[in-house]
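**Q** Supplied in structure tokens, the structure appears directly below.
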There are 2 protein chains.
Amino acid sequence: MPMVNQKFGSIVVNLRKSKGLSQEDLAFELGLHRTYISQIERGIKSPSLRVIEKISSFFELQLSELFKLVEDE
Amino acid sequence: MPMVNQKFGSIVVNLRKSKGLSQEDLAFELGLHRTYISQIERGIKSPSLRVIEKISSFFELQLSELFKLVEDE
């Protein structure tokens, strides 16, 4: 899997923990499966743009802001 | 399909045309099917992060720069 998925996953972990949420909590908030969140966080699934946008909206980031974090990871 | 896919698709069309490429050319360059490029451009497929990164690299944009274009679309 490309590096970008791993970097993206790390940022999701950071954002999730900064809100004190479990994978289960985040999955519930986003209407996704906990397993899928876990795979995204580990960089073994490449999230679709639809899912990326759900994540950025939930954390109140613009997509460009979210990817700035990914680039700086 | 969410608006973000449609905005993303429009940006891909603009970038592709700015290089004078056909969908076929771009598909070849990215190692993807022409049909998939067409679906992304029409916003009816939500590209994966892996594919989004291929597109941004090909057009020599950072992911955050690409999404700035999408936000301004």
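**Q** Give me the dipole magnitude in Debye, nearest 20, for chain A about the Cα centre, with unit charges on the beta carbon: positive for Lys and Arg, negative for Asp and Glu.
**A** It works out to roughly 220 debye.
**Q** Okay, moving on. Quote the charge dipole size of the protein assembly as shown about the Cα centre in Debye, to the nearest 20; the model charges only the Cβ of Lys and Arg (+1) and of Asp and Glu (-1).
**A** 400 debye
**Q** Rounded to the nearest 500, what is the 222 nm mean residue ellipticity of the protein assembly as shown from helices alone, with -39500 (n - 2.57) per DSSP H run of 4+ residues and division by all residues?
**A** Value at 222 nm, helices only: -21000 deg cm²/dmol.
**Q** What is the Cα convex hull volume of the protein assembly as shown when expressed per residue in Å³?
**A** Value for the protein assembly as shown: 100 Å³ per residue.
**Q** Go through A:Lys19/A:Lys54; A:Lys7/B:Lys7; A:Lys45/B:Lys17; A:Lys45/B:Lys54 and tell me which ones have a Cα-Cα distance over 19 Å in this structure.
**A** A:Lys7/B:Lys7; A:Lys45/B:Lys17
**Q** Efficiency by 1/(1 + (r/R0)^6): what FRET value for A:Glu29 and B:Met3, r their Cβ-Cβ distance, R0 = 22 Å, to the nearest 0.05?
**A** So the FRET efficiency works out to roughly 0.60.
**Q** Along Cα→Cβ at 7 Å, what distances in nm separate the A:Leu30 label point from those on the other copies, shortest first?
**A** Output for A:Leu30: 2.2 nm, nearest copy listed first.
**Q** What is the P(r) of chain A, as percent of Cα-Cα pairs per 10 Å bin from 0?
**A** 21, 62, 16
Bear in mind that the values in this text are calculations on the coordinates, not laboratory data. Quick caveat, the model's predicted, so the values are computed rather than measured. Here the Cβ is made from the backbone with ideal geometry for all residues, glycine too, and neighbour counts use every protein chain on show.
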